[in-house]
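Undergrad: One structure coming up, written as structure tokens, with questions to follow.
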Amino acid sequence: MNILLVYPEFPDTFWSFKHALHFIQKRASSPPLGLATIAAILPSDWHKRLVDMNTRPLQERDLAWADMVWVSAMVVQRPSAREAIQRAKAAGKRVVAGGPLFTGEHQDFPEVDHFILNEGELTLPPFLADLAAGAPRRVYASSDYADMAQTPVPAWELVEMRHYDSMSIQYSRGCPFNCDFCNVTALLGHRPRLKSARQIIAELDRLYELGWRRNVFFVDDNFIGNRKALKEDILPALIAWRQGKRGCNFITEASINLADDPELMSLMTQAGFISVFVGIETPEEESLAECHKSQNRNRDLVASVKRMQRAGLQVMGGFIVGFDSDTPSTFQRQIAFIQESGIVTAMVGLLQAPYGTKLYQRMEAENRLLTEMSGDNADGSTNIIPTMDPETLKAGYREIMTRIYSPRLFYDRVREFLREYQPAVQSVNLAWREVLAFLRSMWWIGVMSEARREYWRLFFETLFKAPEKFALAITFSIYGYHFSAVNRKNGLI
């Protein structure tokens, strides 16, 4: 059996880093972890080929080779997923689909032959058994949660690693919090389910064995959901694993209460964690209460961010406007907060209601749902009718994006971050690609872009006053180049 695993293309988005990746001659940020994991569950005597459409086109010879085409996608990949499915069907292939897009919208894809929904560890085995018996059903779904101890090491040998900036590992699924706009708990539950240290080290060993020496992204939606297990099991194992190894710094996502635990932050940086994405959402207490973001309430959010930065963690932040309790003055407070916090990578989006969330259910009950959600968190779109005048909301959102990614405010934010940041480990792996990116930045940003004046100012300030942070300053300059390009594409600046 020849199985073609297809990962559809991402549009040009905030998190694609497409424009930044050009600097280091990479084609995509991360590989399709879900498909690599599914491939490891499939029968070992099946022949498998993985095509990530973000790194190369899906070709006719791929489809001709395949007996079955398996597609996995997120909501933002919907247009490319439709194209891949249509091409597979036109080639006369049986199509199997799974992943978040199809778990929420499988009824909208009548041409797909079989759906493997929810968690593949549970729904894939019965499909394989039925397929072997010659009577596979169309939909396989489960309301149960998978035992992470049964998840295999992903089939990384199918991935062309040279095209990616980072690899991916999933340590846990589920989150203990209850934010009403987040579909993580709807899909994966409230109780974090964990892999063992042995499993994580086996995955890292496999990546290292295949030659990987760059960043590794722990894709957990809340890495610190079980802090006891981290402190006693995972982080000590990671600290030991990194001894004598070069490269392989770690990135992850966590809730803001990480800032309340100096011991945990110290262990994370000792283990090689350099960056963490945190859902800040809004400085408005009333809006935080509205969306049940309890972990962010009644705290000094700026102080929390700066504690993480001083502990050696770069903080990326997610922000939202368009809550029912937001007012026109919210936009200025968002800008002020982002600038004061020194969060360089600030993803700001209009409130959206993903399928399956409590927010979706509330909007549906109030007859406030619009068209299907784009899945792009920073394109200025929303699938709900806001209480604020829509034109006022759009204008306020555009003002936020225009201002925080203007050259002056963006580079001011970089400086604010660099003043606070106390790096615990070398955060930039200076291989030849990084040297090339540095040289390109001097031309593409320092000569050709509208940010050239701010670029050279930061360049010389950091070079002479904080040379240990110089490489990071150039990296952020390149990020700014990408964010500006995406905002121009979306008509936001």
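Values in this text are rule-based calculations from the coordinates and carry no lab data. The structure presented is a predicted model; accordingly, all values stated were derived computationally and were not measured. Positions of Cβ are generated from backbone atoms using ideal geometry, with glycine treated the same way; all protein chains shown enter the neighbour counts.
Undergrad: To the nearest Å, what is the center-to-center distance of region 119-155 and region 316-364, using C-alpha atoms only?
TA: 36 Å
Undergrad: Net charge around CYS179, counting only other residues with Cβ within less than 11 Å of its Cβ (Lys, Arg = +1; Asp, Glu = -1)?
TA: Combined, the nearby Lys, Arg, Asp and Glu give -2.
Undergrad: Near LYS93, which lysines are there with a Cα under 30 Å away, not counting those fewer than 8 places off in the same chain?
TA: LYS48
Undergrad: Averaging over all projection directions, find the projected area of the Cα convex hull of the chain and quote it in nm² with one decimal place.
TA: Projected area, direction-averaged: 22.3 nm².
Undergrad: What is the order of ASP300, ASP52, ASP62, ASP261, fewest Cβ neighbours within 10 Å to most?
TA: So the residues, fewest neighbours to most, are ASP300, ASP261, ASP62, ASP52.
Undergrad: Another one. In degrees from 0 to 90, rounded to the nearest 10, what is the angle of the helix 407-420 Cα long axis to the longest principal axis of the chain?
TA: 90 degrees
Undergrad: Going by how many other Cβ atoms sit within 10 Å of their own, how do LEU436, LEU301, LEU238 line up, fewest first?
TA: So the residues, fewest neighbours to most, are LEU436, LEU301, LEU238.
Undergrad: So how much slack lies between ARG138 and ILE385, counting 0.36 nm per residue of separation and subtracting their Cα-Cα distance, in nm?
TA: Here the segment from ARG138 to ILE385 would lengthen by 85.5 nm.
Undergrad: Related question: How much length is gained if the chain between GLU399 and ASP108 is pulled fully straight, taking 0.36 nm per residue apart and subtracting their Cα-Cα distance, in nm to one decimal?
TA: 101.2 nm
Undergrad: Just checking the chain: which Cys have no other cysteine's beta-carbon under 4.7 Å?
TA: When partners are defined as cysteine Cβ atoms under 4.7 Å apart, the chain leaves CYS175, CYS248, CYS291 without one.
Undergrad: Past the 23 Å Cα-Cα mark, which pairs from LYS26/LYS489; LYS18/LYS358; LYS195/LYS358?
TA: LYS18/LYS358; LYS195/LYS358
Undergrad: Still on this structure, I have one more. With each label point set 7 Å from Cα along the Cα-Cβ vector, what nm distance links ALA365 and ASN298?
TA: It works out to 2.5 nm between the two label points.
Undergrad: Convert 4 °C to kelvin, take the viscosity as 1.567 mPa s, use the Kirkwood radius over C-alpha pairs of region 182-278 as Rh, and evaluate the Stokes-Einstein diffusion coefficient in µm²/s, rounded to a whole number.
TA: 92 µm²/s
Undergrad: Mind checking the angle between helix 197-209 and the chain's longest principal axis? C-alpha axes, 0 to 90 degrees, to the nearest 10.
TA: The angle comes out at about 90 degrees.
Undergrad: A further question on this structure: Rounding to the nearest 10 and keeping the result within 0 to 90°, find how far the Cα-based axis of helix 470-489 lies from the longest principal axis of the chain.
TA: With both axes taken from Cα atoms, the answer is about 70 degrees.
Undergrad: How much mean residue ellipticity at 222 nm does the chain get from its helices, if each DSSP H run of length 4 or more adds -39500 (n - 2.57) and you divide by all residues, to the nearest 500 deg cm²/dmol?
TA: Helix contribution divided over all residues of the chain: -12000 deg cm²/dmol.
Undergrad: Also, I was wondering about something else. Describe numerically, in nm with one decimal, the distance between label points set 7 Å from Cα along Cα→Cβ at ARG61 and at GLU232.
TA: Distance between label points: 5.5 nm.
Undergrad: Could you give the length gained on full extension between GLU461 and ASP45, defined as 0.36 nm per residue of separation minus the Cα-Cα distance, in nm?
TA: 143.9 nm
Undergrad: Round to the nearest 0.05 the FRET efficiency obtained for ARG453 and ALA289 when R0 = 35 Å and r is the Cβ-Cβ distance.
TA: About 0.25, to the nearest 0.05.
Undergrad: For a footprinting-style exposure proxy, rank GLU281, GLU83, GLU450, GLU416 by other Cβ within 10 Å, fewest first.
TA: GLU450, GLU83, GLU416, GLU281
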